[in-house]
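Read the structure below first, then the notes.
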Amino acid sequence: MSEVESILLRHAEGGVATLTLNRPQARNALSVALMTELERALADISTDRSVKVVVLAANGPAFCAGHDLKEMRALEGRDAVAAVFALCSRVMTALVRLPQPVIARVHGMATAAGCQLVASCDLAYAATNAQFATPGVNIGLFCSTPMVALSRAVGRKQAMEMLLSGRPVDAATAQSWGLVNHAVAPERLEAEVAEMAGLIAAKSSYTVKVGKEAFYRQLEMGLDDAYAHAAEVMTANMLARDAAEGIDAFLTKRPPRWEGC
């Protein structure tokens, strides 16, 4: 197996696709090769109706150390540097725009673009020993692209504290700030994520898809536009076959049989 084939592992079971960063010797730093594989995997999953939920995980002692700084320092010219950040932005945007919900399963450190990965996922579960940081300021490189996802996940003051200080925050703090949903004991992390993934996978994939898309679109709108858009989405949702099936199943007290449309 080549390095490119092995740096991102993919496993699917029960409607849940797990993507595992697999550069443990480099603390899962986001090399161009790894980001390219992530982008390809997400594009493939986006059209795979058998996948209901995606879990983003990692092997080794760290979740993700951000960009591969050795690789970045070897780049020559503005265009080469810009291409790396453009690729990273596409990966983060793909997570948000993926029809399926994405759950980050975080252990160890998630720093810089690694923290950005967590913030870009729809849900995040972290081991109690996990830590999060945007430490670029410590090496003269402000975490401007991680800032985009971070500032949409936590409050402004909390985001600026992380960005300006570079100090790591623990999982409990990350939970209280809204960066992660739950901080759980390390030995319970995989089971907790699997439980949530299974719960979501049992829903109508059509309903989850339109709901996720509407959630992120309305966040960028003013209040009146947000309600107008949400009403349009809910009208279309109400007229879908899965909504009719779900309501009928609820009224007749039987399990629904989803069609995904």
| query | When you look at residue 259, is it open to solvent by 60 Å² or more (accessible area, probe 1.4 Å) and in a loop (DSSP other than H, G, I, E, B), yes or no? | reply | yes
| request: Sort out which residues of segment 91-124 are within 27 Å of residue 213 (Cβ to Cβ), outside any helix (DSSP H, G or I) and in contact with a Ser or Thr (Cβ under 7 Å, 6 or more places away or on another chain), and write them in order of number. | output: 98, 99
| query | Somewhere in segment 100-120, is a residue surrounded by fewer than 21 Cβ atoms within 10 Å (Cβ to Cβ) and either in contact with a strand residue (DSSP E or B) (Cβ under 9 Å, 6 or more places away or on another chain) or free of Cβ contacts under 8 Å to residues at least 40 places away in the same chain (or both)? | reply | no
| If you take the residues of segment 219-256 that are part of a loop (DSSP other than H, G, I, E, B) and touching a residue at least 24 places away in the same chain (Cβ under 8 Å), which of them is least open to solvent (accessible area, probe 1.4 Å)? | 240
| If you take the residues in segment 176-193 that are open to solvent by 50 Å² or more (accessible area, probe 1.4 Å) and under 15 Å from the mean Cα position of the chain (by Cα), which one is farthest from residue 113 (Cα to Cα)? | 182
| query | Is it true that residue 20 is open to solvent by 30 Å² or more (accessible area, probe 1.4 Å), β-branched (Val, Ile, Thr), closer than 29 Å to residue 205 by Cβ and under 19 Å from the mean Cα position of the chain (by Cα)? | reply | no
| query | Can you name every residue in segment 62-83 that is among the hydrophobic types (A, V, I, L, M, F, W, C) and either in contact (Cβ under 8 Å) with a residue 60 or more places away in the chain or open to solvent by 10 Å² or more (accessible area, probe 1.4 Å) (or both)? | reply | 63, 65, 69, 72, 74, 75, 80, 81, 82, 83
| Taking segment 196-209 on its own, how many of its residues are open to solvent by 30 Å² or more (accessible area, probe 1.4 Å) and more than 21 Å from residue 184 (Cα to Cα)? | 7
| task | Quick one: residue 59 ticks every box in (1) under 14 Å from the mean Cα position of the chain (by Cα); (2) open to solvent by 40 Å² or more (accessible area, probe 1.4 Å); (3) under 22 Å from residue 15 (Cα atoms); (4) not aliphatic (A, V, I, L, M) except a single one, so which number is it? | result | (1)
| task | Filter segment 125-181 down to the residues that are among the hydrophobic types (A, V, I, L, M, F, W, C), touching a residue at least 24 places away in the same chain (Cβ under 8 Å) and assigned to a loop (DSSP other than H, G, I, E, B), then identify the one that is nearest to residue 85 (Cα to Cα). | result | 143
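The values are calculated or read from the model by the stated rules, or taken from the named source; none is laboratory data. Keep in mind that this is a model prediction, so the values were computed, not measured. Here the Cβ is made from the backbone with ideal geometry for all residues, glycine too, and neighbour counts use every protein chain on show. These area figures cover heavy atoms from the full protein model, side chains too; ligands, DNA and RNA do not enter into them. Shrake-Rupley method; radii C 1.70, N 1.55, O 1.52, S 1.80 Å.
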